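For reference, the structure discussed in these notes is given below.
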Amino acid sequence: MKIFNTMSRSKEEFVPVKPGQVSMYVCGPTVYNLIHIGNARPMIVFDTVRRYFEYKGYKVNYVSNFTDVDDKIIKKAMEEGVDSSVISERYIDECKKDMTSLNIKPATVHPKATEEIDGMIEMIGKLIDKGYAYVAEDGTVYYSTRKFEGYGKLSHKDLDNMRSGNRELKVTGAEQKQDPLDFVLWKPKKEGEPYWDCPWCKGRPGWHIECSVMSKRYLGDEIDIHAGGEDLIFPHHENEIAQSEAANGVTFAKYWMHNAFLNIDGEKMAKSKGNFFTVRDVISQYDPQVLRYFMLSSHYRSPLNFSRELMESAKASYERILNCGENLKFLLTKAQGTMTEEEAALVKEAESYRAQFEAAMDDDFNTADAISAIFELVKWINSHVSGSSSKEFLETLDKELLDLTGVCGLIVERDNTLEDDLAAYVEAKIEERKAAKKARDFAKADAIRDELKAKGILLEDTREGVKWKKA
Ligand code: AMP
Ligand code: ZN
């Protein structure tokens, strides 16, 4: 299995720290608003990476944080006149609802920054003791980036150039910094802000320290994969490496994975630019599975442009997979018996698509090609099953399809649950229509079809009988 490692800028063979196990840390959202579909990209991509490791038999320990103390959260809390925890808890709940809609598995642990403050104070103290951090006059604690030899190794940036050329970096954080690239580990409180006691000043942590601390606490000093969107490479991930490696004395993460942006009109979708759609907006118009399909239809390291046309095309493609799965289920309601010799030989052909799928996923999680393999399988299934297929044959193909779609987190089943009364009514109407057709009363049969359509139920006549689904 090969993974593109941002650190080496090349694909590397995956060798876990501990055999048979994968530890993954994925930087999560800052919770002051509903998440937008740009935020959903890393969630869907890395959930799929996790699912593929699990499919391969690894035990995955997956940690993803919620940043619940931050300027934007505090600002919103002040506007609403509530405690900042009211804002963060509200949007953590909303984020979890969106994750459920998108069939994103809950992380093994979803730590929150405000619940890990003790660990942060401990790590900052250690960094000061080891000479990697210093305390300014007002109690602000800075990380001294010049002290950490490997600073810049992830982002491959020309630091000297940045130090001399970037006026903005010099100005932010004011003159107390010893170097323009030094960053805040802890800062004094301002009026009305949440704060904690610590040896340096009453205040709150900088952003980067939380991930170093949570990763260490839940996954250990050395982890397999650290991931997030590519905007996090610098400074966030660079700073996490500086903190963790200076404090722990070992390599922080073996593999660094970063997804490219979800764009709109060629520009990064971002809350600050106002050019975003929330997940909630999009799933009010499309099945959440269509959004998931759309995200996986391109490779995670390629920029992806969001448009209605692409969503419509994702919808049509996803429906083809759905129809195939439902047709199998329908045939299975009537099928019987074990596989014939001929069917057993055919299954070998079907299995070749699994090999194609795995080859794509083994090559740095190429979900675009993996989905093409699912399509090939769908095409193959559609042309090889019928009302005379054996039960065992259909079950085998159903499993092939569900195994592969399951890795992508795609649900191959429409929500066809109806209220009990309506379900009985639909069945009765189907029988009535059958009788009308038998009596050659086609006008009546059509009227029944139209009546059900008006109720949101679509009928389809197939060789094996009448199927219905929700419109
Ligand atoms: P934030 O809440 O801004 O800290 O972002 C949470 C996660 O979403 C991070 O991994 C970001 O890199 C990622 N992210 C934010 N916007 C986009 C975007 N337009 N495309 C892809 N990933 C994004
Ligand atoms: Zn992080």
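The values are calculated or read from the model by the stated rules, or taken from the named source; none is laboratory data. Every value quoted in this text rests on a predicted model; they were computed, and no experiment measured them. Every residue, glycine among them, receives a Cβ derived from its backbone with ideal geometry; neighbour counts consider all protein chains shown.
Exactly one residue out of R440, R449 is outside the structural domain of K334 (by TED's automatic domain parsing), part of a loop (DSSP other than H, G, I, E, B) and of a type in the set (K, R): that is R440. Could you go through region 51-62 and let me know if any residue there is touching a residue at least 40 places away in the same chain (Cβ under 8 Å), within 14 Å of ligand 1 (Cβ to nearest atom), touching a helix residue (DSSP H, G or I) at 6+ places or on another chain (Cβ under 7 Å) and within 28 Å of V184 (Cα to Cα). So far as region 51-62 goes, no, none of its residues is touching a residue at least 40 places away in the same chain (Cβ under 8 Å), within 14 Å of ligand 1 (Cβ to nearest atom), touching a helix residue (DSSP H, G or I) at 6+ places or on another chain (Cβ under 7 Å) and within 28 Å of V184 (Cα to Cα).
Inspection of region 332-339 identifies at least one residue that is surrounded by fewer than 15 Cβ atoms within 10 Å (Cβ to Cβ), at positive phi and not basic (K, R).
Among the residues of this structure, F277 does not count as one that is within 16 Å of the chain's Cα centre (by Cα) and more than 16 Å from ligand 2 (Cβ to nearest atom). Exactly one residue out of E240, E222, E210, E191 is out of contact with any Phe, Trp or Tyr (no Cβ under 8 Å at 6 or more places or on another chain) and crowded, with 18+ Cβ neighbours inside 10 Å, and it is E210. Condition check for P16 on (1) more than 14 Å from ligand 2 (Cβ to nearest atom); (2) closer than 17 Å to C211 by Cα; (3) part of a loop (DSSP other than H, G, I, E, B): one failure, at (2). Inside region 105-124, can you point out the residues that are among the hydrophobic types (A, V, I, L, M, F, W, C) and either part of a loop (DSSP other than H, G, I, E, B) or surrounded by 18 or more Cβ atoms within 10 Å (Cβ to Cβ) (or both)? Correct list: A107, A113, I117, M120, I121, M123, I124. Six or more apart or on different chains, Cβ under 6 Å: which pairs go from a residue in region 206-219 that's at positive phi to one that's within 12 Å of ligand 2 (Cβ to nearest atom) and not in a helix (DSSP H, G or I)? Could you list them? Once the first residue is at positive phi and sits in region 206-219, no partner that is within 12 Å of ligand 2 (Cβ to nearest atom) and not in a helix (DSSP H, G or I) comes close enough.
Would you please name the residue that is nearest to ligand 2 (Cβ to nearest atom), looking only at residues in region 33-79 that are under 18 Å from V282 (Cα atoms) and aliphatic (A, V, I, L, M)?
Within region 33-79, the first condition is being under 18 Å from V282 (Cα atoms), and the residues that meet it are 33-45.
Checking the rest, the ones that are also aliphatic (A, V, I, L, M) come to 34-35, 37, 40, 43-45.
Details: L34: 20, I35: 16, I37: 20, A40: 17, M43: 14, I44: 18, V45: 16 Å.
Across region 33-79, the extreme among qualifying residues is M43.
Those residues that are in contact with a Cys (Cβ under 9 Å, 6 or more places away or on another chain) and free of Cβ contacts under 8 Å to residues at least 60 places away in the same chain, I need them from region 293-310; list them, please.
Applying the first criterion (in contact with a Cys (Cβ under 9 Å, 6 or more places away or on another chain)) to region 293-310 yields 293, 296.
Selection gives nothing.
Just to verify a result, which residue in region 394-416, among those that are under 23 Å from the mean Cα position of the chain (by Cα) and among the charged types (D, E, K, R), is surrounded by the most Cβ atoms within 10 Å (Cβ to Cβ)? Please lay out each step first, then the result.
Of the residues in region 394-416, the ones under 23 Å from the mean Cα position of the chain (by Cα) are 401-415.
Pick out the ones that are also among the charged types (D, E, K, R) and you get 403, 413-415.
Values: D403: 12, E413: 12, R414: 15, D415: 9.
Per the criteria, the residue is R414.
Scanning region 322-343 for any residue that is within 23 Å of the chain's Cα centre (by Cα) and at pLDDT 95 or above turns up at least one such residue. Filtered by the rule that a residue be more than 7 Å from ligand 1 (Cβ to nearest atom) and of a type in the set (K, R), region 15-41 gives a lone residue, K18.
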